[in-house]
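A short write-up of the structure that comes next.
All of the numbers you see were taken from the coordinates with simple rules; none came from a lab. Worth saying up front: this structure is predicted, and the values here are computed from it rather than measured. Positions of Cβ are generated from backbone atoms using ideal geometry, with glycine treated the same way; all protein chains shown enter the neighbour counts.
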Amino acid sequence: MKTLLTLIFVLFIGVAAQANNVGPEVKVETVSMSIVTTTQNEVFVKNENKVARLYMFKNSRIKKELSFSTKLNKAKLA
């Protein structure tokens, strides 16, 4: 009996939800815009000399950070 009432209730809710009248659809106006192309003839030249650093010393910070080793990589003595 409970399942029959539940089924009727679900069907009633479904029919009531479909019975709602929605207002007319609103149409959207489209706007057409033209494309404007421009050219720019000015060229700016920057004279920046960037320096790439070469770390030649054994104790440099970057080489130390890149050549790290963990405790798990070391061999264990029996």
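See the values below:
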item: Cβ crowding within 10 Å averaged over residues, with 39-48, 12-21 ranked highest first; result: 12-21, 39-48
item: Angle in degrees between helix 2-18 and the longest Cα principal axis of the chain, rounded to the nearest 10; result: 80 degrees
item: Partner lysines for Lys76 [C-alpha distance under 25 Å; skip if fewer than 8 residues away on the same chain]; result: Lys64
item: Kirkwood Rh, Cα atoms: Rg over Rh of region 1-66; result: 1.63
